[in-house]
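What follows draws every value from the coordinates through simple rules; no lab data is involved. Just so you know, these numbers come straight off a predicted model, no measurement behind them. Cβ: placed from backbone, ideal geometry, glycine included. Neighbour counts: every protein chain shown.
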Amino acid sequence: MSQPSSYFSAKPYVPSSLSEIYDLLGSMILGAPTFASGTSYLPGININTEFTALTEGFAVVRKKLGEERYAALLDLAARAKLLFAEDQDDTNGKTDQGRALLFEIEDLLNDVRRRRVEAKLPDEEGEVNGD
């Protein structure tokens, strides 16, 4: 009898810091437009699970982002998800447009992280690293 994969968790992953969101975006850029892992090691990963993780991650760091940036990030994520959904075979150019929006999200996050370092704001562990 086989045991469940140690990679599987019934609780979906939600990034808990700005740097974890940045890392997630990197994997999303590479995994677009379907976001499926293509292996049996990460079953259940798809466009919905990845964008849920992204937007829930935004909610976790909402105070650090500020309301205006938070709203902008949610809008960019919704628009990117729609573009990827409309180009599941990566044939009509919308995947490239969606990736461009993910890069815009990265730019906004990098701006927040830079400002936090400049202001010497510590993270939850007391370190000044942009998180």
Fill in: Dipole of the chain [Lys/Arg +1, Asp/Glu -1 at C-beta], most positive-end residue of 12, 110, 25
12
Worksheet entry | Straight-distance crosslink candidates among aspartates and glutamates, where the alpha carbon sits under 12 Å from residue 64 and sequence neighbours closer than 8 are dropped | 111, 123, 124, 131
Worksheet item: Under a straight-distance cross-link criterion of Cα-Cα below 29 Å, which lysines are reachable from residue 63, leaving out those fewer than 8 residues away in the same chain?
Response: 11, 81, 120
Worksheet entry | Magnitude of the charge dipole, the chain, Cβ model with Lys/Arg +1 and Asp/Glu -1, debye to 20 | 220
Worksheet entry | Dipole of the range 36-131, positive direction: furthest Cα of 85, 71, 53, with charges on the beta-carbon | 71
Worksheet item: Summing Lys, Arg as +1 and Asp, Glu as -1, what charge do residues with Cβ under 12 Å from the Cβ of residue 102 carry, residue 102 excluded?
Response: -2
Worksheet item: Does a label point 7 Å from the Cα of residue 107, set along Cα-to-beta-carbon, have any residues of the range 72-89 with amide nitrogen under 18 Å, and which are they?
Response: 72-81
Item to complete: Multiply the residue gap between residue 75 and residue 119 by 0.36 nm, knock off their C-alpha separation, and tell me the result in nm, one decimal place.
Response: 13.1 nm
Worksheet entry | Relative contact order, percent, the range 28-131 [alpha-carbon distance under 8 Å, six or more residues apart] | 22
Worksheet item: Roughly what would the spin-label model give for residue 52 and residue 96, points 7 Å off Cα along C-beta, in nm?
Response: 3.2
Response to the item:
Relative to the chain, whose Cα atoms define the longest principal axis, helix 18-31 and its Cα axis are tilted in degrees, nearest 10, by 30
